[in-house]
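Report on the structure given below.
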Amino acid sequence: AAEWLTMYLRGNYSYQYAVDLTDPESKNHGHQIPYTPRHSGNSILSVETRWITATYTLNAVGNRWALPQNIPANLIEGYCDHSLSLNHSMAIRKIRLHLSLEALNLSGANYEVIRYYPMPGRNYRLTLKISY
């Protein structure tokens, strides 16, 4: 095994059967609770070396509903979001530097987490953290 290389693969999946059972006479009895997807999950692959850490992240969320009544007009489509990050940390005497470059929403997917609030398309973030 290479001592200078470490790989991590993590993932999770969630199935949520979260339905409204409060009033059997209501129009939304048995309907999925708003903004609660039935299926969701993510996976993360990280490759670490002495110099840099590269991480690929995939988040997937199934269809959800914007309002309690599960009708087509209230449907919010599911989405997949892919991201990639590169990180490097180093110390100069008592100062610790952490540099991060991220490419978010690599596919440029147009999706909403909350109705009428679209997420940005592909975007990039550069972060420098200095600790003493």
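The values are calculated or read from the model by the stated rules, or taken from the named source; none is laboratory data. Predicted, not measured: the structure shown is a model, and the values here were computed from it. Cβ: placed from backbone, ideal geometry, glycine included. Neighbour counts: every protein chain shown. Accessible surface is based on the protein model in full, side chains and every heavy atom, while ligands, DNA and RNA are left aside. Shrake-Rupley method; radii C 1.70, N 1.55, O 1.52, S 1.80 Å.
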- Query: So how many residues does the range 68-92 have that are part of a strand (DSSP E or B) and over 30 Å from Ile52 (Cα atoms)?
  - Reply: 2
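Report, by residue number, each residue of the range 82-112 that is free of Cβ contacts under 8 Å to residues at least 24 places away in the same chain and either surrounded by fewer than 14 Cβ atoms within 10 Å (Cβ to Cβ) or charged (D, E, K, R) (or both).
Met90, Ala91, Ile92, Arg93, Gly108, Asn110
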- Query: Residue check: is Gly62 more than 30 Å from Thr127 (Cα to Cα), touching a residue at least 24 places away in the same chain (Cβ under 8 Å) and either open to solvent by less than 30 Å² (accessible area, probe 1.4 Å) or out of contact with any Leu (no Cβ under 8 Å at 6 or more places or on another chain) (or both)?
  - Reply: yes
- Query: Restricting attention to the range 23-58, and to residues there that are open to solvent by 40 Å² or more (accessible area, probe 1.4 Å) and without any contact (Cβ under 8 Å) to a residue 24 or more places away in the chain, which single residue is farthest from the chain's Cα centre (by Cα)?
  - Reply: Glu25
